[in-house]
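Structure first, commentary second.
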Amino acid sequence: ALESIVPLADGHGLALLLSGAVTFGNIATAQQLVSTGGPAALRGFALGDLLGRLSVIGRAEYRHVFTRALNANVISSYYLRGITGALFAEAGLTSACQSYAVDHKSPAADVGYTLNFIGEWFGLSPNQFGVGLAVPLVRPQRDCFGMAAGAGGSPVVFVLNFGPPW
């Protein structure tokens, strides 16, 4: 994966990501395929929506800081330190399930926004809790090993994430 954060101004930046994955060998089940959907990829899609033998993902996020000077004791061991936001656009290509070929069912894209709460457990362990929405813009109709995905999906996806703030 290639990642970069380009500072635009104090508290504002552009985060860029280009990532890919490939699987080899005799594929017999959907669990052996790579996914272009899910929280670590295209957030407007479920993990089972965009399965294939090959995937490439590109993402651009405009990140901004609302505040980084909080010292709010939420519970006795957790302190809220800041609130940030991220406006994102992401797209990906997923190969067919039976081959590495890319066709008209390969592209997918979404846009969205997340609100992130930056905190610390016990004053030592930084983390981030994010709440957001993602809207799929290009939703291919795909079927891999009986796992169908396509036009019947939700027009807006609620996204939750929890982890380190980087």
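Of note:
- DSSP-assigned coil residues among trypsin sites (Lys or Arg not before Pro) in the range 4-70, each with at most 11 further Cβ atoms within 10 Å: ARG68
- When you filter the chymotrypsin sites (Phe, Trp or Tyr not before Pro) in the range 45-147 for DSSP loop state and at most 16 other Cβ atoms inside 10 Å of their Cβ, you are left with TYR100, PHE122, PHE145.
- Here the range 1-82 was treated as a single set of alpha-carbon atoms; its pair distances binned every 5 Å from 0 give 3, 12, 15, 14, 12, 12, 12, 9, 6, 3, 1 percent.
- About its Cα centre, the chain has a charge dipole of approximately 60 debye under the convention of +1 per Lys or Arg Cβ and -1 per Asp or Glu Cβ, with nothing else charged.
- Heavy-atom accessible area per residue - the range 6-97, 1.4 Å, Å²: 49
- Label corresponding to mean projected area of the Cα convex hull in nm² when calculated from the structure given, among (1) 9.2; (2) 12.0; (3) 11.0: (3)
- Using a probe radius of 1.4 angstrom, the carbon and sulfur fraction of the accessible surface of the range 1-67 is 62%.
- Scalar couplings 3J(HN,Hα) for the range 78-90, obtained by applying the Karplus form with A = 6.51, B = -1.76, C = 1.60 to θ = phi - 60°, are 10, 10, 7, 9, x, 10, 10, x, 8, 9, 10, 9, 9 Hz; x denotes Gly and Pro.
- Taking the Cα centre of the range 1-90 as reference, the dipole from Cβ charges on Lys and Arg (+1) and Asp and Glu (-1) amounts to some 120 debye.
- Gained length - VAL111 relative to SER76, 0.36 nm times residue gap less alpha-carbon distance: 9.0 nm
- Distance (nanometres) between label positions extended 7 Å along Cα→Cβ at LEU2 and ALA15: 1.9
The values are calculated or read from the model by the stated rules, or taken from the named source; none is laboratory data. Because the structure is a prediction, the values reported are computed rather than measured. A quick note on method: Cβ atoms are made from the backbone with ideal geometry, for glycine too, and the neighbour counts reach across all protein chains shown. Quick note on the areas: whole protein, heavy atoms, side chains included, nothing else; ligands and nucleic acids left out. Shrake-Rupley method; radii C 1.70, N 1.55, O 1.52, S 1.80 Å.
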